[in-house]
Every structure is written in structure tokens, then in C-alpha cells.
Amino acid sequence: MHAFGVAEAKGRLVAVGYEIVPESPGLELGVYVLVAPEPDRQQPHADDEVYIVLEGTGVLDVEGESVSVKVGDAVFVEAGADHRFSAYEQRSVLVIFVRRPAGNP
């Protein structure tokens with residue numbers, strides 16, 4: 001078991017940043033904070049992921065499609081998809097990466 005405080009992690013990420021809370025070989029949980037005008041500089045990831053919006057509103061652009069998101073919304077992003085947040089002032093999200101075992105595409 002690994003208990004963690006999302007609010008505490010968010011508080012440590014003063015302006016922009018990403019902090020892994022717990023992680024294991026099959027899963028990574030992190031808190032990602034973005035504050036305008038800093039752009040989201042994410043690159044496609046090797047793993048599937050889920051974003052759960054903890055704070056703020058904005059848009060998640062995924063492979064040319066855009067979805068408006070607000071507190072409580074969740075979005076699944078497939079591994080390898082080009083994606084980034086836009087149209088936000090301040091946003092905090094819980095990020096869940098599902099790690100693929102070595103050798104499994």
C-alpha cells in the first residue's frame with residue numbers, strides 16, 4: 001500500500017511541473033500543474049494514460065481533435081497520440097499511466 005496526498009504534491013508544484021506520487025512496474029500516478037502563459041510541452045508517451053482534472057478548465061487537444069475539460073472530467077489518451085492542453089489559466093490534473101510490459105506493443 002502507498003498512501004499519498006494529491007493536494008500536497010500540487011502545492012509543491014508552485015507554477016508548472018510534474019510530480020510522480022506513487023509508481024510501480026505497471027502503473028504511474030502523477031500530478032501535473034500548468035499555469036498560463038507557460039505552454040504545455042508534452043510529447044507523445046509510450047504508455048496509455050488517463051487525465052483527471054483536479055483544478056481549472058481548458059481544452060485537451062488530441063491528434064487534431066479538441067475536448068473542453070473542467071474539474072471532475074477524465075480523458076483517456078492512447079499511447080503514442082500527440083496531445084497537449086491549451087486555453088487554460090491554471091490547471092491541475094491527476095495523471096495515470098498504464099505501463100505496458102516489455103515486449104507488448
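Using Cβ point charges alone (K and R +1, D and E -1), the dipole size of the range 49-105 about the Cα centre works out to roughly 240 debye.
Using θ = phi - 60° in the Karplus curve 6.51 cos²θ - 1.76 cosθ + 1.60, the 3J(HN,Hα) couplings for the range 32-39 round to 10, 10, 10, 10, 4, x, 4, x Hz; x is entered for Gly and Pro.
Relative intensity of the range 39-105 on a log10 scale, I(q)/I(0) at q = 0.19, 0.21 Å⁻¹, equals -0.71, -0.84, per a Debye sum over C-alpha point scatterers of equal strength in the absence of solvent. The 1.4 Å probe gives accessible areas that order Y51, Y18, largest first, as Y18, Y51.
Using the Karplus relation 6.51 cos²θ - 1.76 cosθ + 1.60 with θ = phi - 60°, the per-residue 3J(HN,Hα) values for the range 80-89 come to x, 6, 6, 7, 6, 8, 8, 6, 10, 9 Hz, with x marking Gly and Pro.
The values are calculated or read from the model by the stated rules, or taken from the named source; none is laboratory data. From a predicted model like this one, the values you see are computed outputs, not experimental measurements. Here the Cβ is made from the backbone with ideal geometry for all residues, glycine too, and neighbour counts use every protein chain on show. Only protein heavy atoms, including side chains, enter the accessible area calculation; ligands, DNA and RNA are left aside. Shrake-Rupley method; radii C 1.70, N 1.55, O 1.52, S 1.80 Å.
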